[in-house]
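Have a look at the structure below before the remarks.
The values are calculated or read from the model by the stated rules, or taken from the named source; none is laboratory data. What you are looking at is a predicted structure, and each value in this text was computed from that prediction instead of being measured. For neighbour counting, all protein chains shown are included, and Cβ atoms are generated from backbone atoms with ideal geometry for every residue, glycine included.
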Amino acid sequence: MNEDWDETLKLTLQKMLPLLTSFIWVALSYMPFDFLLPTNIHANVAVVCVYYWILHRPDVFNLFSVFWVGLFEDILTSAPLGSSIFQLLLLYVLIGYMVKYFNGKSFELLWLGFLPLAFVVMFARWFVVSIYYATFLPFPLLMFSFLLTAAVYPLVTLINVWVQNKLMIDEG
């Protein structure tokens, strides 16, 4: 009976690795690195994580995982509650429509496909938060965050690939 419990726990943790990895990435992205960038410019690694895991492991990273990552980011950043959730759910829907074009593509093409999707969802969040505050937030901050997100995409993806290949064991 103890072995069954250990196996169940191991399988549950395996299935939670994409979500846990995404939580860690989001938390790391909001650590204050004042010596590098102003505190209001950061890479939106939640978008990178959702994009990666939805394309590569939709069996363990689903709509509920997307919701929890968005909620975690909203709580962590004190952003208007639901703004990150909205952004990530919009990305989930967009990927759902385009997944057939991404399957089996090279890293470079996936990165290239990420760029317009990331811009659209980041712009949508910027717009919704601007409406919430009844003033347009500085657009250059959005652009710098987008460029930083595009720049960290390879690193975040590389670590996620490592997690998927080395730490996750496929069933069957």
Inspect all residues belonging to segment 100-108 and state whether any of them is buried (at least 16 other Cβ atoms within 10 Å of the Cβ) and touching a Gly at 6+ places or on another chain (Cβ under 7 Å).
-> yes
What residue, of Val129, Val121, is farther than 15 Å from Ala79 by Cα, in contact with a Leu (Cβ under 8 Å, 6 or more places away or on another chain) and in a helix (DSSP H, G or I)?
-> Val121
Number of the condition not met by Ser29 [criteria: (1) of a type outside the set (Lys, Arg); (2) surrounded by fewer than 14 Cβ atoms within 10 Å (Cβ to Cβ); (3) closer than 20 Å to Ile159 by Cα; (4) modelled with pLDDT under 90] | (2)
